[in-house]
Amino acid sequence: MKLSRLFAAGVVALAASASTAAWAADAPKTMTICLSSGGQQRPATCHGYGGGSRLASQDEICTCPGASQMVKAPTCAPGEVPPAESAAYEQARLKAVTQGSLVGATWQGKPMCVNPTHRP
């Protein structure tokens, strides 16, 4: 009896990790974020083009609130966490923006990445 429960728990855990790995493989390489004039990250409002468009459905149109600037940031690899928010990091992130992108930028030896989120 205990062996069948252990087997069932293993199957459930394997299925959960497989779906997480599949989602991570489909996660975008970059995401749009918004930065305020002080370097604080603000949420971007993004919408996909949807079906029936000539454009790719994974492309999206994003807007930033107020006077914040739109920036492309790399998404963190599986198991990687973005740098902790601090005044020093915010200033460094703002200075690291090159042509609207943080791709390739680092902070204390770690990429200036963001957590991938699944947008509707």
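Just one of Ala56, Ala27, Ala15 is at pLDDT 55 or above and among the small types (Gly, Ala, Ser); which is it?
Just a single option satisfies the conditions, and that option is Ala27.
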| For segment 78-92, what are the residues that are out of contact with any strand residue (DSSP E or B) (no Cβ under 7 Å at 6 or more places or on another chain) and either surrounded by 13 or more Cβ atoms within 10 Å (Cβ to Cβ) or assigned to a helix (DSSP H, G or I) (or both)? | Ala87, Ala88, Glu90, Gln91
| Neighbours by Cβ (under 8 Å, 6+ apart or cross-chain): first from segment 109-120, of a type in the set (S, T, N, Q); second at pLDDT 85 or above | Asn115/Thr75; Asn115/Cys76; Asn115/Val81; Asn115/Pro82; Thr117/Met31
| Flag for Ile61 being over 20 Å from Gln108 (Cα atoms), at pLDDT below 90 and in a strand (DSSP E or B) | yes
| request: Would you mention how many residues in segment 93-114 are surrounded by fewer than 18 Cβ atoms within 10 Å (Cβ to Cβ), part of a loop (DSSP other than H, G, I, E, B) and in contact with an Asp or Glu (Cβ under 9 Å, 6 or more places away or on another chain)? | output: 0
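Yes/no per residue for (1) at pLDDT 90 or above; (2) within 18 Å of Lys29 (Cβ to Cβ); (3) of a type in the set (A, V, I, L, M, F, W, C):
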{"residue": "Ser68", "(1), (2), (3)": "yes, no, no"}
{"residue": "Thr75", "(1), (2), (3)": "yes, yes, no"}
{"residue": "Val81", "(1), (2), (3)": "yes, yes, yes"}
{"residue": "Tyr89", "(1), (2), (3)": "yes, no, no"}
{"residue": "Ala92", "(1), (2), (3)": "yes, no, yes"}
{"residue": "Val97", "(1), (2), (3)": "yes, yes, yes"}
{"residue": "Ser101", "(1), (2), (3)": "yes, yes, no"}
{"residue": "Gly104", "(1), (2), (3)": "yes, yes, no"}
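The values are calculated or read from the model by the stated rules, or taken from the named source; none is laboratory data. Since the structure is predicted, the reported quantities are computational estimates derived from the model, not experimental observations. All Cβ positions, glycine included, derive from the backbone under ideal geometry; neighbour counts span all protein chains shown.
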